[in-house]
Amino acid sequence: MIRIIILLATLLLSFAAQAEDYRVQVGDQIAIMLPGEVTLNKEFQIDRQGRLTLPEVGMIEATGMTEAELDTAVKETLSAVIRDLSSLQVFVSKRQLLVTIEGYVEEPGEFTLNQNASVQMALYAAGGLRAGAQLDRFQLRRGEEVVIFDYKKFLDTGDSSILPELRSLDTLFIPVSPMIGNIEQTFDPTALADSGDAAEDREAIKVFGEVLRPGSFSAKDENNLVDMLMRAGGVTRYAAVEQIRVISGNEPKIFDLKKYLDSGDESLLPNIVAGATIFVPKQEEEIKAGSNIVYVMGEVAKPGAYEGKEEATFIDILANAGGPNRFADSRQIRIIRRDGSTVPFDLSEFTDGRMTGPMPAIKPGDAIFVPEKLDQNEKSWLKVAPSRAVRVIGEVLRPSRVEWSDEMSLLDLLAHVGGPTSRADTSRIEVVTPIGGNRTKTYVLNLDTFINEGRPDSELPEIRAGSTVRVHDLPDDPVDNKSKWIRQSSDSSIYVFGQVGAPGRYRFTEEMHFLDILSAADGPTADADLHNIRITHLDGKHARVSRLNLALFFETGDSNLLPEVNIGDTIYIPEKDRNWLDRPKEETIRVLGAVNRPGRYNFDDHMTILDLLAEAGGTSNNAYVEKITVVNLSCCRDQARTFNLSEFSRTARFQDLPVLRAGDTVYIPSKDESTAEKIRQGITDLFQLAGIAALIGVL
């Protein structure tokens, strides 16, 4: 019993000594216990830089310290913010490693492992190895040091001394096996073994060419040429089995596999030694030539050379070649004679029943060429000769040179190039068509009107091979680009100035109205005076100006208030709160007398005399508010009435408020002008006279 106690004591002292000798490293979990401090009573991990980060006080360089040294460092740091640290406890709660695993594993990355973790445990944390990892070339990187070890040997022997010991900040790299090549693929060990089990063996037998699984195979005495071909998966359907090349012992030889299979004579098999090379070439078709051969080339199902007969027609030969495929341009078939001359043939005319002449005769030695149909996605427009091309430029989806046919129209042409873009000016499409010699004729088409009115195709501009179609673009936003909108002609523009979001010159059509062009200019700004909009109309040689109260339109919805605007007109939206001298007296109200800011003020139909007095700063201290005078303008003569503001403040009878109109005058008298003040002043004067008379009598 005493011996057991002594043994336990010795073990405890040993553990304590190890704890005292242990130095904190990256990845360790540090526990801090301080009663009453919630933010500190938890565990903190040492980061990659070896720092311990604590809330409120920041970072402490902790790596290399013992627990006692770390406890002292934490107390010194926390003493700046916490006074009582007598109950503080700091210790290493979990010894851990911070290891990075890279390469051919399922989940590469950085992992936190136990202190005694091995390489195998690290691979388990990374999800295990991927199929195709090279087990004998594992790398352990520690700073500048690189250790290469054989993990496969460990798996074969179970000798853990082969595996290096892990430390914090180590990097474990798993390379990929060279047997799977340089392309990511599913790793099948069986398939790799079958297609080449000796990739790095110079004594291996190389089999390549028209075999299913070319590769390098280990040499075996019992294997002959047929065995090696079978290990390579056998020959393909394109193999030239009569021309197999074999280099064995530096001696080249041709082997006829077909002859061997027909005869079964094993003496025909060449000797295969270590390091031999076997090549199975591709079978080449025999070139056909002769006086009765007709050649069919291009976009047909089975191009090639065909034996011609005297009674064979063009259709017979084309059908024998499988006919044109879906990429063929059947309108531009060419028959090339033996003498070099060329005969065009339109197969579409023949199939549509529009062919008027005879079928071209085919003679031995002729060649039939079916060209490829033009692809708009390829840079192949030069294939179209100028004599049968039409140019389409401008705002269409695919501007290009297009092959022209007389049964096409301008609408067919626009549809073929993808149609106009969203930036296209479809009201003005220009077509330039040659009319003979060096002369041309220009047509202008309003496509919008043509479609809206449902006009027939006979009214479309004339187009023939050599024509040019230009689709103009709409002018850019004048706010964004002032250099392009000048291309727009003035006979299709309208002008918007003043307090709008984007003043400038805009495209205008007959279908548009006032609100359309105002919206195009981004609408009125917050400073716009909607009651006094001016529109200048250009009617012939003379101009006239109309006014618009747009605010009244928004309140009533009466579209009759909106003016009719046309091309060339000018819209001006003035600014609010401008200098009052800019407005005539008939559009303002004068406020005079005992107010803080007498003057002329703008007035609209929704304002009252109270709003006007408030805008004038209110009445002054000596204002006689019981006799405010309002002078109204009428059709025949001026009218005046008084208003008692003091009584209104007591009764709040809004019907007593005088009606105001633009051009009226409001006068607020002072108390000096009131009747009571005049009577008081008269009494004062009488007393003064009586006092003077009494003084004179005494004297």
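Bear in mind that the values in this text are calculations on the coordinates, not laboratory data. No experiment lies behind these values; they were computed from the predicted model shown. As a convention, Cβ positions derive from the backbone with ideal geometry for all residues, glycine included, and neighbour counts pool all protein chains shown.
Taken over region 189-280, the percentage of Cα pairs per 10 Å bin, counting from 0 up to the bin with the maximum distance, is 18, 54, 26, 2. With a threshold of 22 Å on the Cα-Cα distance, the over-threshold entries among K42/K94; K259/K302; K309/K373; K253/K282; K576/K627 are K259/K302; K309/K373; K576/K627. Taken along the Cα-to-beta-carbon direction at a fixed 7 Å, the label points for S341 and L515 span 7.3 nm.
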